[in-house]
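The values are calculated or read from the model by the stated rules, or taken from the named source; none is laboratory data. Remember, it's a predicted structure, so these values are computed and weren't measured experimentally. We place every Cβ from the backbone using ideal geometry, glycine too, and count neighbours over all the protein chains shown. The area values use the complete protein model at the heavy-atom level, side chains included, leaving out ligands, DNA and RNA. Shrake-Rupley method; radii C 1.70, N 1.55, O 1.52, S 1.80 Å.
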Amino acid sequence: MLRIHDLWASYGPILALQGVSLEVPEGSITAILGANGAGKSTTLRTISGLLKPSRGVIEYEGRRIDRSSAESIVEMGILQVLEGRQLFTEMTVLENLKLGAYTRSDRGSISADMDRMFELFPILKERISQQAGLLSGGEQQQLAIARALMARPRLLLLDEPSLGLAPLVTRAIYGVVQQINAEGVTILLVEQNVNLALDVASYGYVIETGRIAVEDEAGKLRENETVRKSYLGY
Ligand code: ATP
């Protein structure tokens with residue numbers, strides 16, 4: 001579904017990606033793992049068009065998107081849930097969800113999808129009229145994912161959904177991630193919690209200083225010596 005070849009990207013003089021290549025098969029959960037500053041978020045930002053790569057190719061369903069605008073990439077069905085969530089904090093839960101659907105032309109099914117979000121994330125129904133900025137971290141993460149889902153993505157890019165959250169909340173969020181994947185949404189997941197990522201992903205890439213250092217099926221990555229020593233601590 002998504003193929004990245006020899007991707008390079010910089011922030012001014014800082015070289016963040018130095019030839020990243022990876023693939024995300026349709027229907028999969030694929031993980032990008034790595035330490036702070038390795039280039040995980042940057043990889044997602046180049047896919048969603050927020051950062052233009054200096055070199056390399058990004059293909060989505062056989063079509064080059066590395067020169068497309070962020071808006072047209074959303075319209076093609078790629079949605080990113082940013083690290084830090086980027087909600088409209090002054091607006092209510094309901095308003096945030098409605099804004100998630102702004103690119104859709106099938107307005108008729110929006111309210112059914114809204115109900116579906118409240119089924120997946122019951123806490124959002126309880127907080128429907130609350131300002132997003134007043135939600136807890138876990139609730140904000142759920143709202144950010146629900147808002148992205150309101151756009152009916154085909155490929156969801158998740159940046160550190162477990163960041164700063166308690167284990168129970170994290171588990172609940174990952175339960176939903178697996179559920180939406182089972183319903184057909186392909187997922188590219190960035191996660192520092194390597195154990196968690198390898199539990200849900202089928203394949204993973206480890207990125208180190210802007211390059212893919214190791215890649216393999218999730219089960220094999222867990223046994224990989226470098227991964228164990230550097231990221232699992234045993
Ligand atoms: P983290 O988990 O800490 O977010 P990451 O793997 O997602 O790490 P990136 O955010 O992709 O890492 O950062 C890759 C490199 O680019 C780092 O050296 C970082 O300092 C740099 N960088 C990231 N964003 C910017 C920015 N807006 N301006 C300048 N440098 C940046």
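Sort out which residues of the range 29-59 are buried (at least 22 other Cβ atoms within 10 Å of the Cβ), within 13 Å of the ligand (Cβ to nearest atom) and more than 19 Å from residue 74 (Cα to Cα), and write them in order of number.
Scanning the range 29-59 gives 31, 32, 33, 34, 38, 39, 40.
Under 7 Å between Cβ atoms, which residue pairs at least 6 apart in sequence (or on different chains) link something in the range 190-216 that is of a type in the set (Phe, Trp, Tyr) with a partner that is more than 12 Å from the ligand (Cβ to nearest atom) and open to solvent by 30 Å² or more (accessible area, probe 1.4 Å)?
As it stands, the answer is 203/217; 205/212; 205/215, since those pairs meet every condition given.
Going residue by residue through the range 179-189, is there one that turns out to be acidic (Asp, Glu) and farther than 30 Å from residue 112 by Cβ?
Scanning the range 179-189 turns up no residue that is acidic (Asp, Glu) and farther than 30 Å from residue 112 by Cβ.
Suppose the filter is within 16 Å of the ligand (Cβ to nearest atom), in contact (Cβ under 8 Å) with a residue 40 or more places away in the chain and of a type outside the set (Asp, Glu); does residue 131 pass it?
no
Being closer than 24 Å to residue 180 by Cα and open to solvent by 10 Å² or more (accessible area, probe 1.4 Å) is the filter here, so list the residues in the range 18-28 that pass it.
23, 25, 26, 27, 28
Select from the range 102-128 the residues that are charged (D, E, K, R) and open to solvent by less than 30 Å² (accessible area, probe 1.4 Å) and write down the one among them that is farthest from residue 172 (Cα to Cα).
104
Six or more apart or on different chains, Cβ under 9 Å: which pairs go from a residue in the range 149-178 that's free of Cβ contacts under 8 Å to residues at least 60 places away in the same chain to one that's of a type in the set (Lys, Arg) and not in a helix (DSSP H, G or I)? Could you list them?
150/104
Among the residues of the range 64-84, is there at least one that is surrounded by fewer than 20 Cβ atoms within 10 Å (Cβ to Cβ), within 16 Å of the ligand (Cβ to nearest atom) and on the phi > 0 side of the Ramachandran plot?
The answer is yes, given that some residue of the range 64-84 is surrounded by fewer than 20 Cβ atoms within 10 Å (Cβ to Cβ), within 16 Å of the ligand (Cβ to nearest atom) and on the phi > 0 side of the Ramachandran plot.
List the helices (runs of 4 or more DSSP H) that sit entirely inside the range 129-215 and contain at least 2 residues that are touching a Gly at 6+ places or on another chain (Cβ under 7 Å) and open to solvent by less than 40 Å² (accessible area, probe 1.4 Å).
It comes to 137-149, 194-200.
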